[in-house]
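For reference, the structure is listed below as structure tokens.
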Amino acid sequence: MSFYALVGDIGGTNARFALVAKGSVNLQYIAVLRCADYQNFEHAVAAYYAKVAQQPVAIACVSFAAPIGAEIQMTNNHWRFNVANMQRILALQQFTVLNDFTAMAYGTLFMDEQDKVAVNSVEDSHCNAPRLVIGPGTGLGVAALVPIMPRESFGDANTEDARNADLSWQAIATEGGHVSFAALDELQLQILAIFQKKYSRVSVERILSGDGIVELYHALSEINRCSVNLHTAADISSAALDDTDAIAVQALSIFCQVLGAVTGDMVLAQGARGGVYLCGGILPRIRESLLKSPFRQSMFNKGRFEKYLAQVPVWLCDADYPGLLGAAAALKMQSH
């Protein structure tokens, strides 16, 4: 097969790559590399081609966990480069760069139904309204999907035909993960005070991330005057799921509670009544804890807007490579 493009999903920890045929979102030759093992992006690309024994292609669409501009500086790893220079280094005719959650947002449009787990199952009565894509991983990613009405429908926006028009979608990158953390109760105030000893400002990403799980566990150990027994997000999550460490269970519950509160705030800010897609590397691994957690109650707990939020569908995205799917989807949509 003659491949059309390289697609990539570059996070703080892992660099995921695949090849796609023109007009397809079918991912071929998927490989995952550790960012820390490579000096910069081009070295990881070369290692990928060597690993899968394929020739370089002339088109690439890659998402990065970073603000997107002429210069890419990864938020949570050491890679940085000029986009135009990188295009020359890789001998690319076309090099499309996206924020990782912009790609994730596009990926939700092509996700199989079996890869979506209902967290808040309600009738999707606002399917043409904006949608929120949010998820913790190495950091906290947030994006919006905004419907674009066909031009011929603009003059009649309130007609039934206009409401049922074949909409296209625009993904909008945000840095919503860096909004300030707002404590909701006495325990969260104590957690905030501990975080403030280390950080001059506490964003929600300080809690809603892999490192955040660890720091949350340590803060709760301090509050409960317990010894610190676990030191990685994976160990804390496993202990919580196995119910072998009470502080780990509490940490994961509060993690989901904070995520619910932030999700509700983002839905209100974006008018995202079309639904919420929970993505990122952490949530599929703690699926059972999430479904049993106070996530929904915390999301809905917005006073006069409780009913508004309770009517918003929420899905957990459980696809294997949603970021790669999103990069392929963005490339496919570009060609239309």
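For Q196 and A47 in one chain, what is 0.36 nm times their gap in residues minus the Cα-Cα distance, to one decimal in nm?
Numbers: separation 149, 0.36 × 149 = 53.64 nm, distance 4.08 nm.
Result: 49.6 nm gained on full extension.
Report, in listed order, any pair from K116/K332; K302/K332; K116/K307; K116/K292 with a Cα-Cα distance greater than 27 Å. Intermediate values should be presented prior to the final figure.
Details: K116/K332 22 Å; K302/K332 38 Å; K116/K307 23 Å; K116/K292 17 Å.
Listed pairs above 27 Å: K302/K332.
Answer rounded, prolate or oblate for the range 1-114, using the Cα gyration tensor with square roots of eigenvalues a ≥ b ≥ c: rounded when a/c is under 1.5, else prolate when a/b is larger than b/c, else oblate.
Working: a/c = 1.41, a/b = 1.14, b/c = 1.23.
Rounded is the answer for the range 1-114, as its axis ratio a/c remains below 1.5.
Under the rule a/c < 1.5 gives rounded, and otherwise a/b versus b/c splits prolate from oblate, where does the range 268-336 land using the Cα gyration tensor?
The shape class here is oblate.
Express the carbon and sulfur contribution to the solvent-accessible surface of the range 189-336 as a percent, rounded to the nearest whole number, probe 1.4 angstrom. Don't skip to the end; give the middle numbers.
On the way: 3070 of 6620 Å².
Answer for the range 189-336: carbon and sulfur cover 46 percent of the accessible area.
Return the equivalent ellipsoid semi-axes of the range 188-336 as a descending list in whole Å, where each equals the square root of 5 times an eigenvalue of the C-alpha gyration tensor.
Numbers: eigenvalues 163, 77, 46 Å².
In descending order, the three semi-axes are 29, 20, 15 Å.
For n ≥ 4 DSSP H runs only, could you compute -39500 (n - 2.57) per run for the chain, divide by its residues and tell me the 222 nm figure to the nearest 500? Write out the running numbers ahead of the final one.
On the way: 12 runs with 124 residues, N = 336.
Helices in the chain give a 222 nm mean residue ellipticity of -11000 deg cm²/dmol.
Take the chain, connect every pair of alpha-carbon atoms lying under 10 Å apart with a spring to form a Gaussian network, then pick out the residue of A53, A103, A234 with the largest mean-square fluctuation.
Highest fluctuation among the options: A53.
How many percent of the accessible area of the range 37-133 is carbon or sulfur, using a 1.4 Å probe? Mind showing how you got there, number by number?
On the way: 2140 of 4590 Å².
With neighbouring chains kept in place, the figure for the range 37-133 is 47 percent.
If we sort 135-145, 275-285 on the protection proxy, mean other Cβ atoms within 10 Å, highest first, what's the order?
Values: 135-145: 26.9, 275-285: 23.8.
Ranked from most to least packed, the peptides come out as 135-145, 275-285.
When only Cα pairs under 8 Å and 6 or more residues apart are kept, what is the percent relative contact order across the chain?
Values: 660 pairs, mean separation 76.8, N = 336.
Relative contact order comes out at 23 percent.
Would you mind classifying the chain by shape? Square roots of the alpha carbon gyration tensor eigenvalues, ordered a ≥ b ≥ c; an a/c under 1.5 is rounded, otherwise it is prolate if a/b is larger than b/c and oblate if not. Write down the numbers at each step before the final one.
Numbers: a/c = 1.97, a/b = 1.20, b/c = 1.65.
Taking the square roots of the gyration eigenvalues as a ≥ b ≥ c, the chain is oblate.
Would you mind counting up the charge near E205? Only other residues with Cβ under 12 Å from its Cβ, with Lys and Arg at +1 and Asp and Glu at -1. Write down the numbers at each step before the final one.
Details: positive: R201, R206; negative: E175, D211, E215.
After counting each charged neighbour, the total is -1.
Find the accessible area per residue for the chain; the probe is 1.4 Å, ligands and nucleic acids are left out, and the unit is Å².
47
Excluding M86 itself, calculate the net charge of residues whose Cβ lies under 15 Å from the Cβ of M86, where each Lys or Arg counts +1 and each Asp or Glu counts -1. Numbers along the way, then the final one.
Values: positive: R80, R88; negative: E42, E71.
Counting the neighbours of M86, the net charge comes to 0.
How high is the relative contact order of the range 193-312, in percent, counting Cα pairs under 8 Å that sit 6 or more residues apart?
Values: 114 pairs, mean separation 28.6, N = 120.
For the range 193-312, the relative contact order is 24 percent.
The values are calculated or read from the model by the stated rules, or taken from the named source; none is laboratory data. It should be emphasised that the depicted structure is a prediction, and the values quoted were computed from it without experimental measurement. All Cβ positions, even for glycine, are placed from backbone atoms using ideal geometry, and neighbour counts span all protein chains on display. Surface areas here come from the heavy atoms of the whole protein model, side chains and all, with no ligands, DNA or RNA. Shrake-Rupley method; radii C 1.70, N 1.55, O 1.52, S 1.80 Å.
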